[in-house]
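The values are calculated or read from the model by the stated rules, or taken from the named source; none is laboratory data. Keep in mind that what you see is a predicted model, and the values were worked out from it rather than measured. All Cβ positions, even for glycine, are placed from backbone atoms using ideal geometry, and neighbour counts span all protein chains on display. Ligands, DNA and RNA are stripped out before the accessible areas are found, and what is left, the full protein with its side chains, is counted by its heavy atoms. Shrake-Rupley method; radii C 1.70, N 1.55, O 1.52, S 1.80 Å.
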Amino acid sequence: MYILGYDLNLIYFVLGVFTVIMVVFNGIIEHFENQLPLFIVEAFRYGKTLNGPVQTKIVRFIKVPKSWFLHFYIFSSIYSSLLLITAYRTCINGAKVPGVVFDGLDLVCTESRTEGSTKENLLLALVLLTLQCSRRFYECAFVNAKSNSSMNILHYIVGYAHYFCTGTGILCQAPEFISSSEPVENFELGKVVTVKNCVASFVFFWSMWHQLRAHKIFAELKVKNPNKHGIPHGDLFELVSCPHYFCEVLIYTSLSVILGLSHSHILAVWLWVVVNQTVAAFMSHSWYNKHFQDYPKERRAIYPYLL
């Protein structure tokens, strides 16, 4: 997208802004919470870390139910599936990329983008992303317990932006989806089944399973104590306060390994995920320690034995 003569990469811009905001606002709130206007603190936090109902009018006006997380998992499941179908038709069936797709990727990711991965790794990454989005939709729809928690509309928008940037970012550096790229060889299954991809896929599925386990533990705890929060136990909760965030980092690390270091868009997504999940984990970890005197001291916030 050209702005004032500059071809702006919207994915880099959006994820960069999100990452900076997470770091800066978390640092400010962490050190100066008592000196800040309450609406700033309430706009940044959500769920249990709000410490009760929203009090400021401006944040109450823009708050939505936390159950609306389901909406952007519906979106991401559909969007990632459409991207996967488009990539499959192009990379395996040899179908021509529609001009509107080229134009859309040029608009969002710039006309000067370069090849970042092979068609084999692209398809594997899109398959895994679609599985992750579909599983998260399943969790939100059928696993998570009903909650009265809320978030503001900004968190809601970030959810849509994240999955749009992830799916579009993966696709935009595939050789077939760059108008100036040279013709590439036919799809080869042997290039998918490599040691690197097998290890990354194993970590991906391991993380998906344990993230599901974490959300089931949360749901069971909510059913037992519907009107208050408790201390979760079992599985990776014995090591960290937020295993679901730890698994999210591992999931996107796996996608980054599959696509490779030359794929700058997935690295931008990975950096955003690491910062976002780490900050959110420390907020939750701090909340647990503040509200439960018997909270296990050996637990870390997100990374076992480290942080």
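Describe numerically, in nm with one decimal, the distance between label points set 7 Å from Cα along Cα→Cβ at Lys290 and at His71.
The answer from the label model is 2.8 nm.
So, with +1 on the Cβ of K and R and -1 on the Cβ of D and E, and no other charges, what is the size of the charge dipole of the chain about its Cα centre, to the nearest 20 debye?
For the chain, the charge dipole is close to 1300 debye.
Between Val59, Val275, Val195, where does the largest GNM mean-square fluctuation fall for the chain, given springs only between Cα atoms within less than 10 Å?
The residue that fluctuates most here is Val195.
List, in order, the whole-Hz ³J(HN,Hα) value for each residue of region 247-262 obtained from phi through the Karplus relation with A = 6.51, B = -1.76, C = 1.60 and θ = phi - 60°; use x for Gly and Pro.
So the J values, rounded to whole Hz, are 5, 4, 4, 5, 4, 6, 5, 4, 4, 5, 5, 5, 7, x, 5, 6.
Which of rounded, prolate or oblate describes region 151-204 when judged by the alpha-carbon gyration tensor and an a/c cut-off of 1.5?
Taking the square roots of the gyration eigenvalues as a ≥ b ≥ c, region 151-204 is oblate.
Return the distance in nm (one decimal) between the two label points of a simple spin-label model at Phe202 and Leu131, each offset 7 Å from Cα along Cα→Cβ.
Once both label points are built, they end up 1.4 nm from each other.
Would any residue of region 67-81 have its amide N under 18 Å from a label point 7 Å out along Cα→Cβ of Val100? List them or say none.
Zone members listed by number: 78-81.
Whats the longest run of the chain with zero trypsin sites (Lys or Arg not before Pro) that are DSSP loop and have at most 16 other Cβ atoms within 10 Å?
It runs 1-95.
Which order do His265, His229, His31 take by accessible area at a 1.4 Å probe, largest first?
His31, His229, His265
Pick from Gly167, Gly230, Gly116: which is most flexible by mean-square fluctuation in a GNM of the chain where alpha carbon atoms under 10 Å apart are linked?
Of Gly167, Gly230, Gly116, the Gaussian network model singles out Gly230 as fluctuating most.
Amide H to amide H under 5 Å from Met151: which residues, 5+ apart in sequence or cross-chain, H placed 1.01 Å off N in plane?
Val64, Lys66
How long are the semi-axes of the equivalent ellipsoid of region 94-201, taking √(5λ) for every eigenvalue λ of the Cα gyration tensor, in whole Å from largest down?
Semi-axis lengths for region 94-201 are 31, 20, 11 Å.
Ile21 versus Tyr305, label points 7 Å from Cα toward the beta carbon: distance in nm?
Distance between the two pseudo-spin positions: 3.7 nm.
Using a 4.7 Å cut-off between beta carbons, which cysteines in the chain end up with no partner cysteine at all?
Cys91, Cys133, Cys140, Cys165, Cys198, Cys242, Cys247
For the chain, modelled as a GNM with alpha-carbon contacts under 10 angstrom, which of Ala174, Ala161, Ala95 fluctuates the most?
Ala95
If you average the alpha carbon positions of region 84-157 and of region 232-307, how far apart do those two centres end up, in angstrom?
22
With a 1.4 Å probe and all protein chains kept in place, how do Phe202, Phe282, Phe102, Phe61 rank by accessible area, largest first?
Largest to smallest exposure gives the sequence Phe61, Phe202, Phe282, Phe102.
With a/c under 1.5 counting as rounded, go ahead and sort the chain into rounded, prolate or oblate using the C-alpha gyration tensor (a ≥ b ≥ c being the square roots of the eigenvalues; past the cut-off, prolate if a/b is larger than b/c, else oblate).
prolate
Could you work out how much longer the chain between Val143 and Lys224 gets when fully extended? Use 0.36 nm per residue separation minus the Cα distance between them, nm to one decimal.
27.7 nm
Can you tell me how much longer the chain between Ile29 and Thr56 gets when fully stretched, taken as 0.36 nm per residue apart minus their C-alpha distance, in nm with one decimal?
My answer for the length gained is 8.1 nm.
For Arg300, which sequence-distant residues (separation of 5 or more, or a different chain) have an amide H within less than 5 Å of its own amide H, given hydrogens modelled in the peptide plane?
It is Val240, Ser241, Tyr305, by chain and number.
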